[in-house]
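Read the structure below first, then the notes.
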Amino acid sequence: NSTERTLVLVKPDGVRRGLVGEVLRRIETKGYTLAAVQLLTASDDLLAAHYAEHEGKPFYGPLVEFMKSGPVVAVVAEGQGVIPGFRSLAGATDPTAAAPGTIRGDLGRDWGLKVQQNLVHGSDSVESAEREIGLWFPGL
Ligand code: DAT
Ligand code: MG
């Protein structure tokens, strides 16, 4: 339970809907620290590397297209247990199934919703976090 870092992305739907501040507020009020924040539109190469584990799955193409559809906010958050802790704040992958109180559960919409439009990404392990931080923040 020592201090660790995770990569959070506010996805294009979250940026378009003006929810960047709300996501950062939840990270900060939980007690995590923001170590880096950047607004950018991701390239094909960056997204291919970021989502390499999902290459070949049926949702991979739509996922990458969606992630390129507008700017995202990339965040490095720091704190005790922040990797599972942020995933717990985010809630279940499918916003229609995510519990109330979570980012996806409170803010996800269920009309016309695609699963990839689930507002946020959070790293799922120490190894993924270090790999993803290196991709989105080279040199950090
Ligand atoms: P998570 O973002 O909760 O870590 P994941 O790593 O399994 O979920 O999948 C990455 C993203 O891909 C996820 O945020 C949304 C999309 N996705 C996952 N499963 C999907 C599915 N069955 N249909 C459509 N999109 C999916
Ligand atoms: Mg994942």
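Read-outs: derived from the displayed coordinates by stated rules, not from any lab. Remember, predicted model here, so these are calculated numbers, not experimental data. In this analysis, Cβ positions are derived from the backbone assuming ideal geometry, glycine residues included, and neighbour counts consider all displayed protein chains.
Assorted remarks:
- Note: segment 62-140, Cα convex hull, 104 Å³ per residue.
- Dipole-positive endmost among V75, S125, I103 within the chain (Cβ charges, Cα centre): I103
- Ranked T6, T29, criterion: other C-beta atoms within 10 Å, fewest first: T29, T6
- Label-to-label distance for E53 and L34 is 2.6 nm, based on points extended 7 Å past Cα in the beta-carbon direction.
- Computed from the Kirkwood radius of its Cα pairs, the Stokes-Einstein diffusion coefficient for the chain at 10 °C and 1.306 mPa s stands at 106 µm²/s.
- Based on DSSP H segments of at least four residues, each scored -39500 (n - 2.57), the chain has a per-residue ellipticity at 222 nm of -10500 deg cm²/dmol.
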